[in-house]
Each structure stands twice: as C-alpha cells, then as structure tokens.
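> Sharing a structure with you now.
The values are calculated or read from the model by the stated rules, or taken from the named source; none is laboratory data. Keep in mind it's a predicted model, so treat the numbers as computed, not measured. Using ideal geometry, Cβ is built from the backbone for each residue, glycine included, and neighbour counts are taken over all protein chains shown. Protein only, heavy atoms only, side chains kept; ligands, DNA and RNA dropped before computing areas. Shrake-Rupley method; radii C 1.70, N 1.55, O 1.52, S 1.80 Å.
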Amino acid sequence: MTAGVPENGFDLRRFLLSGNGWPYLLVPFIPIAVVLELAHASATIIFITSALGVIPTAALMGRATEELAARSGPGIGGFLNVTFGNAPELIIAFFALNEGLQEVVKASLIGSILGNILLVMGAAMFIGGRKRERQKFDRTAANVTALMLFLAVVAMIAPAIFELVQGTGLPRPDAKAVDYDADVEKLSVGVAIILLITYVAGLVFSLRTHKDLFNPAHGPEDHLAEPWSVRKSVIMLAIAGVAVGVMSEILVGSITEASESIGLSPFFVGVIVVAIVGNAAEHWVAIYFAVRDKMDLSVNIAIGSAAQIALFAAPVLVLVSLFVGDFPMALVFNGFELGAVVLAVLIAQQVVAEGESTWFEGLQLLAVYAVLGLTFYFV
Amino acid sequence: MTAGVPENGFDLRRFLLSGNGWPYLLVPFIPIAVVLELAHASATIIFITSALGVIPTAALMGRATEELAARSGPGIGGFLNVTFGNAPELIIAFFALNEGLQEVVKASLIGSILGNILLVMGAAMFIGGRKRERQKFDRTAANVTALMLFLAVVAMIAPAIFELVQGTGLPRPDAKAVDYDADVEKLSVGVAIILLITYVAGLVFSLRTHKDLFNPAHGPEDHLAEPWSVRKSVIMLAIAGVAVGVMSEILVGSITEASESIGLSPFFVGVIVVAIVGNAAEHWVAIYFAVRDKMDLSVNIAIGSAAQIALFAAPVLVLVSLFVGDFPMALVFNGFELGAVVLAVLIAQQVVAEGESTWFEGLQLLAVYAVLGLTFYFV
Amino acid sequence: MTAGVPENGFDLRRFLLSGNGWPYLLVPFIPIAVVLELAHASATIIFITSALGVIPTAALMGRATEELAARSGPGIGGFLNVTFGNAPELIIAFFALNEGLQEVVKASLIGSILGNILLVMGAAMFIGGRKRERQKFDRTAANVTALMLFLAVVAMIAPAIFELVQGTGLPRPDAKAVDYDADVEKLSVGVAIILLITYVAGLVFSLRTHKDLFNPAHGPEDHLAEPWSVRKSVIMLAIAGVAVGVMSEILVGSITEASESIGLSPFFVGVIVVAIVGNAAEHWVAIYFAVRDKMDLSVNIAIGSAAQIALFAAPVLVLVSLFVGDFPMALVFNGFELGAVVLAVLIAQQVVAEGESTWFEGLQLLAVYAVLGLTFYFV
C-alpha cells in the first residue's frame, strides 16, 4: 500500500536524474516554445526554448525506436535502430531544406559528425577514463566503422574537389544556399546513390554476415529501464515524431533571425548549436556507458552515429532536396567543413586503432573540438 | 593415342578459361587493331581494338618475366620480376610522351595507383571474402609497402605544393601538356632521383636484407602452369615487348580523336581506361589468388604494383621526358589526381593495417573507386 | 701520481668524442663569433660561426637541465626536463621575434617539427637498424605522443583554414612578417591557450597518472656521465642561458643579410638551417641511443621534441609576440609549412604504429626530408 506511492515517486525521480531520464526534465520547454511561437515572441527566445524542447522529443524518439527494435528480433530490430537513430536530425534538416537553408543543413551534417567524433567520444573517454588506467574496447568493430566513415568522407569530398578544380569554387560560409551547375548536381546524386548502396551493404554486413562483431552479448544492466510493449512503442514513436516535427519547424523558423540578434553566424549555429541539440540524447548515453566502463557501446554510439550521418542522412537529404526547396542541394561543403571533417576522421581512426583509451585522449579530442568551435565562432 | 589429343585440347581450353589464360582469348584483337590502323578506320574502333589487344601482350610479357625470374635465382629473379612488372605501362607511357600527351601520361600513372589500390584490391577482397568470415594476410610486409607508397606520394605532391604556392598553379585537367618553368623541372628531376634511390634501396631491402618478409614459402599450387625454359622465356619476352610496343603506339595514336568522338575527356580515358587496360592481367591474377584465399599474394600484387608505379615508373618517365617530346614533363599533377591519390593511399594504409579483410572492406574500396570514376566522368 | 694526469686527459678526449661530448668541440666558435660580430665582419661568416657556436651552448643547456631534473625527483624533474628541453629554440625565436622576423620564427618551428620527425627519427632508424633485422620500441607511449602531435597540428592548421576561406590568404614564403587582421590574431591567441592547457594536461598525464608508460626503468648505462651537484647544475644552466642568448642574438642579426649573400631564401634558412642548429644536440643523442638499440629513448626524443615544439614553443611564442615586436604573430603558416607538417605527422603516425623499425623505414624518412628540403631550396 504505502510501498506503491513512495516507490513510484522514487522511481520517477531516479529516472529523471538517471542517464536515460534527464532529457524529460526539459519537457516543459515544448509547450513554452509553442506558446512563444504563437505569440510571435522574439526570435532569440523562441530559438532557445525550441532548441531545449527538441532534446526530450529526440530522446523519446530514440527510446521508442529502441524498444520497438528490441521486440522485433535482431534483423529487423537492428535495421530499425540503426536507420531511425538519426530521425531527429533528418527531421530538423528536412524543415531547414524546406526553408531554403541548404548551407545550414550541410553545416549541421558536418557538425553532427564532428560532435559525435570529438565532443561525444572525447567526453566519454575523458569522463570514463578519469579514475582508470585505461579503458578497452573491441577494436575490430571500431575499425570497420572508422573505415566506413573515412570512405564516406572521401565520397563527400569528391564534389568539392570537382568544384575547386573545374567549377565555381566552394560555397562561402555565410551563404544561405548556392544553386550549383547541373554537372555537380548530377555528381551529387550519383555519389548519394553510391553511399546509400554502401549503407545497405553495411547493414547486411553488420546485421547478417558479421553480426557477432557488432552485437556482443550484453548483461541485463545494459537495459536502462523496463521494456515497453509493441503498442506502447508505436504510439510513443508517433507522438515523438509529431513533437520532433513541431519543435524542428519552430527551431528552424527562428534560426536566421535569432543568429543575427545573438551575433552568431547561421553557419556557427548550424555546425555547433543545431548539431549539439540534435544529438544531445545520444551524447548523454555515450557518457553514461563510458562511466560504467562499457566503452564498446560508448565508442560504437559515437563513431556509429557519425558514420550514419555520412552514409545515410547526407545522401537521403541530397535526394530529398530534388523535391523540396527551390533547387537541389549539391553535396559541396565549404572550406571549414571540409578541413574539419577530414581532420576529425583521421583523428577518429588514430584514436580507435589501438582499442584502448585514456582520459588524456578524451581531453585531446575535446581540445580539438574547442579549437574548431573557436575557429567557427570567428566566421 | 586418343589420350594425347583430347588432353591437349582440354588443356588449352582449361588454360584459356583459367586465371592465367583468359587474356589470350583477346589475341585476335592484335591483328584486327593493326589492320584497322593500316586501313585508317575510325579512331574509336581503333582505340577499342588496340585497348583489347594490349591485354594479351601485357599478360605474355608478365608471364615471360616471371618465368625468366623463376630460372634466375631469388636475387636477380626478384629484380627482374619487380622491375619489368610494369613494363607495359611504361611502354604505353613512352609512346604517349612521344606524342606530347604529358597530361595523359600523368593521368595514367595516377590511374594505375588508384586502380591497383581501389579496383584490384577492392575486387580481390570483395570476391575473395564473399563466403568467408575474414581473410588474413601478413600485415608487416603490407605495411612496409603501404609506407613506401605513402612516402612516394609525398614526393609526388611536393612539386605541386611548390607550383600552388610559388608558381603558376596546377595544370588544368583538359590540358594536353604544360611547359612549366625551369625551377619546377629541376625540382621534378631531383625528386625523381630521390625516388629511384629509394626504389633501389627498397630492392636491397626486399631481396637481400629482409627477403624472408616478402618471399613466404609457397606451395606448388601457386604456380599456375608448367615452367618455361630460359630460351623460351627470352624469346617470349622479346615477342611480347614488340607486340606491346605496336599495340601501345596504335592505342596512344588514337586516344585524342577517340575520346573526342566517344564524348569522354582525354583525362578520363587516361586515368580510368588506359590504367585498367595496362593493368588488366595483374587485376585478374590478384582476384585469382584472393578466391584461393592467398591474400598475401593478392594484397602484395595490388599495393606492390601501386608502389612500383610511384617509385619506379613515374621517376623513370620524368627522366625519359628530358630526351623525348618537346619539353620535359614536370611532376605536377592536377587537383583531381592529387586529391584522389592522397585519399587512396590513406585508405590503403587503413585497410592493410589490420592484416585482415572482409567482403565489406572490398565493397567500400570499390565504392570509392566508383565515386572517383563518376567525378572524373564529369571533368 | 702518473695515473691522475693521463686518466684526466683520457677522460676529456673520450668525452669529447662520445655521444654527449662532441658538441663541446665547437666551443671555440663562441668567442670567434663574438669577435667577428664586434669587428663587423661579413654577415655570412658571422652567421656560420654563430650557428656553430649555438650547438655547444644548447648542449650545455640540455645537460644542465637533465642534471637538475635528475636531482629534483620525478615530478618536478620531469617537468624541468620536458619544459626546458626546447629552451634554445625558444631563445633563438625570441630574438627573431624581436627583430620582426616572424616568418623566420614560424619557419623554424615547422623546421624543428620536420627535423625531429624526418631527420632525427630517420637517421636514428637508419643507422640503428643497419646491422639488425628490426628494432622494437614501446608503441603505446609512441602512439600517445604521435596523437598529441597530430592534434597540435590540427590546432596549428585551423587559423590557416580561417585565412584561406575567410581572410586574406596565407603568408608568402618570402614575407618577413604579415600583420593579420584582429580576428585571426584573437583566434591564434585562443588556439595558443587551448594548446598550453593540453600541454599541461599532457604533463599531468605523463608525469603523474600514467608515468610508468613514459618512464621505463633504465640501466645505469643510459647515464652518459657522472652526475652533477645541484649547485653546479644551476650555475651551468645560468652560463648556458647567457651563452645561448648571446649566440642567438648574433645568429638572428645576421640571418637576413647572410641568406641574401649565400643565395638562400630566409625561409630556407629558417626551416632547414636554424632548425638543425637549434636541435643539433638532441639529434646526436637520438642516434647515440639508436645505435645502442634503445629505440624507446630514441623515438621518444624525436617525436617528443616535435610534440613539445607544437604544444609548448609555438603557443608560448604567440603569447610572447603580444609584447615583443611591432605586431602580434598570427599562427598562420604558409603553404609549404602546412603541406610539409601535415604529411610529416601522418608519416610519424604510420611509422610508430607498429612499434618496430628497420633501416629502410629510416631511409624513407630521410628521403622525404630530402624531397622537402629540395622543394624549399627552390623557394
């Protein structure tokens, strides 16, 4: 009798403060953002509240996807998990494409890759490694993913080389969108299709022919909470989808005006702020596992998410841009994005090659993120 | 009695369809190309037939070199094998230099490196790994070769950095030949000499001081057919040399006109088509060994050939260009070539570092080749 | 009686010709340089004598620091050793900043990194590996340092990317100093502070939390000579400091005129000559240990010095330049410096990844140094 109420109360509190539950503390920002948008409040305050409001909706979406995946058996489940893992970023990017903010979309793609490799993996290794000599993880799986990431980045660079040598040059970081010539648009579509084929092959590899490599046996402690039913999962996924969509539209609608009045470039907002917001939930989970010395999961979340952005989200958005917005989005990144992503991917390879990490490696990754963030600030 | 004829007939058929023999199916294209050339047929048809005709002559040359090497003892034999291994590419390039097609020569050098790393190694790992969990190879030897390749590429980049910072910039991909200033020509010759010294040191290393590393004991099954006598080998080498020369001259003479009427740039023809034709025989052998799970040989053929192009063929052609053609060929590559070769070499290092491969790694290499090919197509 | 004098005489001779003592053979050049400077002799002869005079003063400084460190216990001692290790380079650079030779300062920073990675490590591996199958070293420590170096280089590139995309471009190699805009100066200071924080964290890592990794137990044979008292060490350090300062001022004062009359660019003098002179003592020690098959120490001296230049000397000089010279030194390197340092660091990673070396690896590093030196010669 008395046990029920305190236990429930205790549960909620513990859940909210646990690795999985804290984003829900930000739920109040969802209605606040909606009200402020309807009241035509200042763009800055709308931007901040909707950015905070995205975080719990993205967390709910991630959770619902995981639960559905857990109920679907390893094949379909893995597919769901991997493919819907970046749904919030995709939804934000879709609304930005619709607003014509192509350069913000590309900045947020690169920002997600940088954030996952440098900020998430850096924080996980730094915090997880503080009181430990070193932390170990399976280097074979990490190396496969790092290679995937590298190859994807090569593909993402090719159209830029084309424009540098042959065309009109890279986009300026302060551009809103650049209407490139037909050749580089065709090239971008071709590259996108090759990336998606590689992505599907990667799913076959990780979910079918080499699934043992990517799905080590986990103890029950890896499950953060009680499992959900399929019905609950689907309903929650639908709610989360709608909520992410509403928050994203409000967020994207306020970016240009808000960045102006804060004094930051839309490029900085896209590459740092939007990227952090869109990945906030995963960030927390990676650190959560690192503290518990489960670096396999932690590293996999970090570089796995980065690889998904490059191999799935980026090409899907190129194809979507054929139908949404005024003109197709060419996969031509600006100089900052190219420099940063190449260096970050080379670092990722180097860091995961050994299969171990220390707090100092984490700190170095964070230092590189700080250097890049500082550079982007002056753009 | 009856056994003799069928056995001979069977042998020939099996030989033609085996890993070693299939190129000889293309022998009829040799006389066809010669006749068409004499009849002044259209450049496109001459180009296609002579390209197909190069393949069996290159295969014969490779075979004769190997046989001679097998009869010469490990020291001289290894030297013959390694140094004559790229004779067909060198002969094609010689005729192209003579025609003044310096940019086609450079494109085919880069194309050979890309083709060996991405297409040959990719196809070998993909096809060889299809029904296997993973394939292993000796990573020490592979890493030495990958480092050699990387250092060679650094040397090949230095004159380009010089031109970018100090001089007149990189050549346009649609240029036929660029007459660079005296400084960069001297620099090219200096770099070529350093590369050749390193190459000779590499021969001493692999054939003398560390020969165990590069010459693992092979079973008899590695020999594809009956050994030849020295006399037969020398005669065959002479025949092959003449045939390669004739085919190359016809091929090179038709490149400019043929590429125009097919609608491809001479750059694309050089970097993709000529490179594939010149290496076709090695390509097949690498796949042949991969399917038989002899990845040591397969990887060594792929990255070893790439290293030889960079350390031997490229510098020899720079020195030859001092005497052949209107003006010396500076070792300055265009933006596509530089970007592609740096990325390919970084990938090669990453792929061989582990000493194992899977079908997915092969597929990723092929995907990068496809992306680069697509990019070059739009040049 | 008779024993005393011969023994002393023998000792001195053996010491002068040993790994540690040979630089003192150059002591006579110190007074010669001073006299020539006072006599206003030709700049070329002043440059050569003061360059030779720097070597023994730098060697004495290194020795005194080591002796003081050995007396101070591992924590403070390691700090002293690591931080004063590059004092001569810093002193030379200070005088060059004071003369307004900012581009020579940056060239000598990059030259030190290149020299340590390619020339020192190359010579050590080549000479040490000549009569050995292979030499082994601890790859974990080497990889940590290589990563540090790579991350530092990323930080050193960021302002250049900023200038390339957003600003006025990279400095010309023949510039004396470039007064950049305020944004990139602020960015340089920010990057410098991040690098110094990382450097301090690296000291904590290598001297406190992970000291076993970097301080393997050494036998007594690693000590080159009898230990000094604290008093002697401090006095020697003071003498060395003054002497390095005097020599550096004379050296720097003659660079511009001397390079003109020798026919070399100040850039070449900074990136090759000054860098070799400033590091001559360490160079010798690294080879000394390599010959004795102590590759751990040898590799650590080479890439550890390079990392210190990047993480400590470069940012300190950026901060010092706020107070010395006409305008602050922006951390923007020219195209040669950027290209060379990125390639050298990628090679360093590759070479140390395996934890073993051969003479051929050493030769390849030397070949790359020769290629870069040749390229710089034509600037």
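> Provide an ascending nm list, one decimal, of label-point separations from C:V234 to the equivalent residue in each further copy; define each label point as 7 Å from Cα along Cα→Cβ.
8.2, 8.2
> What is the sum of charges, Lys and Arg at +1 and Asp and Glu at -1, for the other residues whose Cβ falls under 10 Å from the Cβ of B:A330?
Charge balance in the 10 Å sphere: -3.
> If the label for A:Y24 sits 7 angstrom from Cα along the Cα-to-Cβ line, what are its distances to the same label in every other copy, in nm to one decimal, shortest first?
Listed shortest first, these distances are 7.5, 7.5 nm.
> Separate question: Give me the accessible area of C:K211, 1.4 Å probe, in Å² rounded to the nearest 10.
Taking all protein chains as shown, C:K211 has close to 90 Å².
> Over 30 Å between Cα atoms, which of B:K211/B:K232; B:K106/B:K211; C:K136/C:K211; B:K176/B:K232 qualify?
From the list (B:K211/B:K232; B:K106/B:K211; C:K136/C:K211; B:K176/B:K232), the Cα-Cα distance tops 30 Å for B:K106/B:K211; B:K176/B:K232.
> Looking at the stretch A:116-141, which residues lose a minimum of 20 Å² of accessible area between their chain alone and all protein chains in place, measuring with a 1.4 Å probe and not counting ligands or nucleic acids?
A:E133, A:R134, A:R139, A:T140
> In whole percent, how big is the carbon plus sulfur part of the accessible area of the protein assembly as shown, probe 1.4 Å, protein atoms only?
In the protein assembly as shown, the share of accessible area belonging to carbon and sulfur is 65 percent.
> Next question, about the same structure. What distance in nm separates the two pseudo spin-label positions at C:K186 and B:V291, each 7 Å out from Cα along the beta-carbon direction?
Those two pseudo-labels are separated by 6.5 nm.
> How would B:M156, B:M236 line up by accessible area, probe 1.4 Å, largest first?
Of B:M156, B:M236, the descending order of accessible area is B:M236, B:M156.
> Ok, one more. Rounded to the nearest 0.05, what FRET efficiency do C:R71 and C:L25 give with R0 = 30 Å and r taken as the Cβ-Cβ distance? Could you check?
0.65
> Can you list the residues of the stretch B:163-208 that have at least 50 square angstrom less accessible area with all protein chains present than in their chain by itself, probe 1.4 Å?
Listed by number, the residues meeting the 50 Å² cut-off are B:V165, B:Q166, B:L187, B:I194, B:T198, B:F205.
> Taking amide H positions as placed 1.01 Å from N in the peptide plane, with prolines and chain starts having none, which residues 5 or more places from C:D138, or on another chain, fall under 5 Å of its amide H?
Close amide H contacts, sequence-distant or interchain: C:D296.
> As a test of the formula, what do you get for the protein assembly as shown when each DSSP H run with n ≥ 4 contributes -39,500 (n - 2.57) and the sum is divided by the residue count, at 222 nm and rounded to the nearest 500 deg cm²/dmol?
Calculated at 222 nm, the ellipticity per residue is -23000 deg cm²/dmol.
> Solvent-accessible area of B:L36, probe 1.4 Å, all protein chains present, reported in Å² to the nearest ten, please.
40 Å²
> Right, another one. Hey, can you list the residues from the stretch C:312-348 whose accessible area shrinks by 50 Å² or more with all protein chains present, relative to the chain by itself (probe 1.4 Å, no ligands or nucleic acids)?
Relative to the lone chain, where solvent access is computed with a 1.4 Å probe, the stretch C:312-348 loses at least 50 Å² at C:F336, C:L343, C:L346.
> Calculate, for the protein assembly as shown, the solvent-accessible area per residue in square angstrom, rolling a 1.4 angstrom probe over the heavy atoms of the protein chains.
Per-residue value: 39 Å².
> Please get the size of the charge dipole for chain C, origin at its Cα centre, with Cβ charges of +1 on Lys and Arg and -1 on Asp and Glu, quoted in debye to the nearest 20.
900 debye
> Work out from phi, with θ = phi - 60° and the Karplus expression 6.51 cos²θ - 1.76 cosθ + 1.60, the ³J(HN,Hα) of each residue of the stretch A:305-310, listed in order in whole Hz, and give x for Gly and Pro.
For the stretch A:305-310, the Karplus-derived couplings read 5, 4, 5, 4, 4, 6 Hz, x marking Gly and Pro.
> Got a number for the accessible area of B:E257? Probe 1.4 Å, square angstrom, nearest 10.
It works out to around 120 Å².
> Another one. What percent does the relative contact order of the stretch B:36-135 come to when contacts are Cα pairs within less than 8 Å and at least six residues apart?
13 percent
> Compute the label-point distances linking A:D138 to its equivalents in the other copies; points lie 7 Å from Cα along Cα→Cβ; give nm, one decimal, shortest first.
Its label point is 3.0, 3.0 nm from the equivalent points in the other copies.
> Using a 1.4 Å probe on protein heavy atoms only, how many Å² of accessible area do A and C hide from each other, summed over both chains and rounded to 100?
The buried area between A and C, both sides summed, comes to about 2900 Å².
> Defining a contact as two alpha carbons under 8 Å apart and six or more residues distant in sequence, what relative contact order in percent does chain C show?
Computed over chain C, the figure is 38 percent.
> Next question, about the same structure. What order do A:D179, B:D293, A:D212 take when sorted by accessible area (1.4 Å probe), most exposed first?
Correct descending sequence by accessible area is A:D212, A:D179, B:D293.
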